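Notes for the one structure printed next.
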Amino acid sequence: MDETNIQYNIMEKFRAFFSENKAVLLAGDSPYVEQLKTQAFNHFSAHGFPHTRLEKWRNTDLSNMLKHDFNFPLKQTTFDVDLDEVFRCEVPDFNTRLIPQMNGWFMGTGEQLPNGVIICSLNEAISKYPDIIEKHFGRYADIKDANLTALNTAFFRDGVFIYVPDNVSIEQPMQMVDLVNSGKNIFIQVRNLIVMGKNSSLSLVQCDDSIDNNIGFNNTVTEVYLDENANLDHYKLQNKNNASALTNSAYFHLEKGANLSTNAISLNGGLIRNETQVRLNGQGSHADILGLYLMDHEQHVDNQVFVDHAVAHCTSNELFKGILDDHASGVFNGHILVRPDAQQTNAYQNNKNILISDKAVIDTKPFLEIYADDVKCSHGATVGQLDEDARFYLQSRGISRDNAQMLLMYAFAADIVNKISLTPLRNRIDDLVKKRLRGELSSCEQCVLHCNSKEQKISFEIDMSRI
Amino acid sequence: MYRLNLIQLSVENIFGTMEKENNDILHELTQSEYKYGFYTDIEMDMAPKGLTEDTIRFISARKNEPEWLLEYRLKAFRHWLTMVEPEWAHISYPPIDYQDIIYYAAPKRKKELKSLDEVDPELLETFKKLGISLEEQKRLSGVAVDAVIDSVSVKTTFSETLEKQGIIFCSFSEAVQKVPELVRQYLGTVVPSDDNYFAALNSAVFSDGSFCYIPKGVRCPIELSTYFRINAANTGQFERTLIIGDEGSYVSYMEGCTAPMRDENQLHAAIVEIIALKDAEVKYSTVQNWYPGNKKGEGGVYNFVTKRGICKGTHSKISWTQVETGSAITWKYPSVILMGDHSVGEFYSVAVTNNFQQADTGTKMIHLGKNTRSTIISKGISAGQSNNSYRGLVKMTKRAANSRNFSQCDSLLLGDRCGAHTFPYIKAENKTSIVEHEATTSKISDEQLYYCNQRGISTESAIGLIVNGYAREVLKKLPMEFAVEAQKLLSLSLEGSVG
């Protein structure tokens, strides 16, 4: 079956699904959301799934994934698993407010929080807070920009809504954990909206995991709005099974003086695509966009970053690092746009890759588009190997070759890991990276992030703390 | 004498305008029109407007070409009909009507020319205005000039000297007559006739160009040079250049262009193919200064060029150096296929855009052989409302073990309405290769200007100084004859762009 046929088949399915279930899909939506969904459906119906002839998709081929026979869950399914057990995300000393999601559906209680903070399901928000929804929902994730975003907008069933009012700082980090578990091959659309008021601050960890080995296609869209001087510390942690695809699009909109730090850590996953779009819409806003990917087997990771310097005096900093082994393939596509009059922009972009095997492939494209003159923009990209001299140095001090290699890879990844400001999370990810590098972490055995196995002490034959 | 004049000119440029106020400088720059805009009235032998198989047969017949070449053209043309014009480049232009172009125009010649005196005096006058008088070139600079006006080679000098060494340097049509087997063996081997839209067009309708063959072990004693010039109204120009460096040979080839002023856009779709066999080295330098259109962005040459070289043998080397200041649209990616082990590819480029010019230029380095190396240095300078893009590909295939690439692409922005873009594509498929890419975008800082002003250097000369310094890395790779001209061009295009 060629790409066109696959497209045709799955598109027909989606079209039929939409017309059959229109009543359910649009139920409970405000006129604004309903209209948006219809528009999105029309756009998606006309354009279909992205294919490799599109510039942004030339290195990521969805057609293998789309061949599968998927179910599109319409309703929240019931589970026989103990939710408390499943969601007990095992990060020692990490006291977070857990926001559980199962196949996209919000599984929390929606309890009242102090200071007017709201955490609830998106469906609930659509009916309860129409003002906020109308002001922000669908305003940053442009359906015309990406076909998958249009797909998500047309078919999303639920997601998380977080609202942090003006001048509220939330000390306790929030952790969204989205598990995919259905017993069947499913295609889900998850939609989250996070709205942060003026001078507010929040730390948010977004985890994507699978707890079975079924084929899942998770198409998530998250919209984040940061009002003046808001501060968001955002982490994406991805550990999916090798049969699944995750397309994760995050749209950040920053107003004056807002500060964003987002960090995408991809440890496992058959096909992962992170699309991060940041619009620096107010003067003095700043974004740090970081990413780490450690891939092996046949895994594929694709990081697409678009930073839009719309106004003057904004700064952005991008750093993505990756290690690719076996037949893994990686893609980095960074795009910095400096619009006319966005003077005094300072933008930095860097992508560093290490290929461990001759079968691994990396495609990197750091791309600058600049229409203002008083700017400082630089970018760099490297593909290389571990430093032979450094390895020799370590070996000459009695460290075995394998361990020396591991140590160097660990040091390479540490650049990103060390930037995680939540200490317990940093330690945890540090451990995960070590485990990952030794090949002990794999998502095939039920998602390691939540399994209750005791964390084993890592030993590199030498005391890491003294280095 | 010629060289001396140029130096004098650039000295004047630096010191002559020192006292001028910044505003005046800016004014002067924006007012300065294309210096090489003039028109030579020469009787032409033209093909009828439009493009059909008959046009191609006409061209082929007019040039007395063998059957296989006509077949090659027709095959390319039939393929071209099935292709669509590429849209991926960061440029925009009104649709080109390919039926509204004259595909063949040759200056009428009454008989074969034996000496320089027999060349049409008006034609010689044209070259004089350009500052490339054949006699002077011949006498002073030691450069053999194969001058091309509207695609037909008019005069080849120094051919005797070259012949002694066994070097074949002649017009393409001449080569087709003289050494058809060589042409047939290599034509289209680097740029296949179905490579891309413009390459297919060129393969179908190419009128003339240069051919160069350096035999085994020969080091070409002089720098070979061709001056291209687009002349008659409504004629597209489709050159075809083929350079073959046989085993152990060396050649430095220069191409320089100026085009007269014309209101209607002129299409230019050339192909340059370079083949470097074992241990051969080919150095190809270009200064391109075609009519860029006026201040409003009207007119100017559309330059869609496919340039590609292949390092076929081990230890071979191909080096591209280009200074691009002209053309309304530049679409050009001189590339190297590094097939032989230990082969080397180089790309040095300075691209300047001003007013409404658009340039989308860069290179492709395809590493196929082991231990291959490539270097890319690209300096983009944009001013006015122009857009200047670097687009490059570095590909390390599985076989290309221990290969190395270093790329540096810098952009300099002069003025707040212009754009500078970088699209580097990097693909690595093996674990022993190292690819490094870095790029910066910046403007001339006020501090730099202030420092120069403080020491009595006017803003204009300071900018000239800084820009020349910025581009130095590339300019110093140019042969002497070009380096002077290139510096002059940079000054002409840019001085005073920042006030």
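The values are calculated or read from the model by the stated rules, or taken from the named source; none is laboratory data. Source: prediction; values computed, not measured. Positions of Cβ are backbone-derived with ideal geometry, glycine not excepted, and every protein chain shown enters the neighbour counts.
Here are some notes:
- Sole residue being part of a loop (DSSP other than H, G, I, E, B), within 11 Å of chain A (Cβ to nearest Cβ) and crowded, with 18+ Cβ neighbours inside 10 Å, chosen from B:Lys431, B:Lys395: B:Lys431
- Residue match in the stretch B:443-462 (condition: of a type outside the set (Lys, Arg), surrounded by 17 or more Cβ atoms within 10 Å (Cβ to Cβ), facing chain A (nearest Cβ under 10 Å) and at negative phi): yes
- Test for B:Phe228: is it touching a Cys at 6+ places or on another chain (Cβ under 6 Å), surrounded by 23 or more Cβ atoms within 10 Å (Cβ to Cβ) and either hydroxyl-bearing (Ser, Thr, Tyr) or modelled with pLDDT under 95 (or both): yes
- Taken over the stretch B:398-409, residues that are in contact with a Lys or Arg (Cβ under 7 Å, 6 or more places away or on another chain) and either closer than 20 Å to B:Ala328 by Cβ or facing chain A (nearest Cβ under 9 Å) (or both) amount to 1.
- Per the listing B:His437, B:His367, the residue uniquely at pLDDT 95 or above and either over 22 Å from the mean Cα position of the chain (by Cα) or more than 9 Å from chain A (Cβ to nearest Cβ) (or both) is B:His367.
- Flag for B:Thr321 being closer than 24 Å to B:Ser252 by Cβ, in contact (Cβ under 8 Å) with a residue 40 or more places away in the chain, among the polar types (S, T, N, Q) and surrounded by fewer than 23 Cβ atoms within 10 Å (Cβ to Cβ): no
- Checking each residue in the stretch A:372-391 for being facing chain B (nearest Cβ under 7 Å) and more than 26 Å from B:Asn387 (Cα to Cα) picks out A:Thr382, A:Val383, A:Gly384, A:Gln385.
- Any hit, the stretch A:1-9, residues being modelled with pLDDT under 80 and under 25 Å from B:Tyr425 (Cβ atoms): yes
- Candidates A:Ile354, A:Ile399, filtered to the one that is touching a residue at least 40 places away in the same chain (Cβ under 8 Å) and either in contact with a Phe, Trp or Tyr (Cβ under 7 Å, 6 or more places away or on another chain) or of a type in the set (S, T, N, Q) (or both): A:Ile354
- Subset of the stretch A:219-245 (residues that are more than 22 Å from A:Asp431 (Cβ to Cβ) and under 11 Å from the mean Cα position of the chain (by Cα)): A:Asn219, A:Thr220, A:Val221, A:Thr222
- Candidate set: the stretch A:339-371, residues that are facing another protein chain (nearest Cβ under 8 Å) and farther than 30 Å from B:Lys398 by Cα; chosen: the one surrounded by the most Cβ atoms within 10 Å (Cβ to Cβ): A:Ile370
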